[in-house]
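The values are calculated or read from the model by the stated rules, or taken from the named source; none is laboratory data. Small disclaimer: the values here were computed from a predicted structure and weren't measured. Note that we place each Cβ from the backbone using ideal geometry, even for glycine, and neighbour counts take in every protein chain shown. With ligands, DNA and RNA removed, areas are computed over all heavy atoms of the protein, side chains included. Shrake-Rupley method; radii C 1.70, N 1.55, O 1.52, S 1.80 Å.
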Amino acid sequence: MKVIRLFLPALVLTLAASALAHERTWAPWEIEPTVLFRTEFVSGGAGVCFYGGDRHSPAQLVLMPDVSMLSIDVEWWKLRFGVSATEVFLYGASILPLRAGFTIIDRPHNYAGRLFGKTPEVYAQFKAHWAVWYDPPPYVNGVCAEVVAAIDRYGVGLSASAGVAGYWSSYSAGDAGQFSLRPYVGIHVRLGTLCAGF
């Protein structure tokens, strides 16, 4: 009886330590996905963009907050493609912005069956906001090329990005505007992100 009383706590502690070591999951560790599907409920953050100044305005740093909603991304080997339902900027919105990119570094980690998180991942991507509504005279983000460093797990993610954004600038309602490239850095918090691997 004494042996059982001593053995039982040791067994419980061993199983608990094993579960903690495997981060409380029964996920099969041998899964190595070649295709990843990621859905994301909302991503919000801001970028800081540098405007070099011209005849209309002096050089300045501009804070550009944005929120994207209902995103879907597919990653096949290292290639990435994605679309969001909408992305809302400080002065307007983009419907169905498109993304295409390439994964540079990643470490997929399955935490529950086929659900994965990445800690970390680094990727390069090109984004196009091809249907933009805005109220002049803002700066409107048309396209951007960026490098993103991100981590995510258990439905929450954090990403930091740096790149070059192409902006249409308009100074009055009747002004056709002009296109210019601006360097920027940004940070985003992503909520409701689930990544399934196959």
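Values for this structure:
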{"item": "Under 9 Å, Cβ to Cβ, from PRO97 - net charge with Lys/Arg +1 and Asp/Glu -1", "result": "+1"}
{"item": "Total formal charge among the other residues, if their Cβ is under 13 angstrom from that of SER43, Lys/Arg +1 and Asp/Glu -1", "result": "-1"}
{"item": "Rounded accessible area of THR119 (nearest 10 Å², 1.4 Å probe)", "result": "40"}
{"item": "Rounded to whole Hz, the Karplus (6.51, -1.76, 1.60) HN-Hα couplings of the range 70-86, x for glycine and proline", "result": "6, 9, 10, 10, 10, 10, 10, 6, 10, 7, 10, 9, x, 8, 10, 5, 7"}
{"item": "Difference of contour (0.36 nm per residue) and Cα-Cα distance, LEU194 to PHE50", "result": "48.5 nm"}
{"item": "Residues THR86 and TYR154, FRET efficiency given R0 of 30 Å [Cβ-Cβ distance, rounded to 0.05]", "result": "0.75"}
{"item": "Coarse-grained scattering of the range 82-124 at q = 0.27 Å⁻¹, given as base-10 log I(q)/I(0) from a Debye sum over alpha-carbon atoms", "result": "-0.88"}
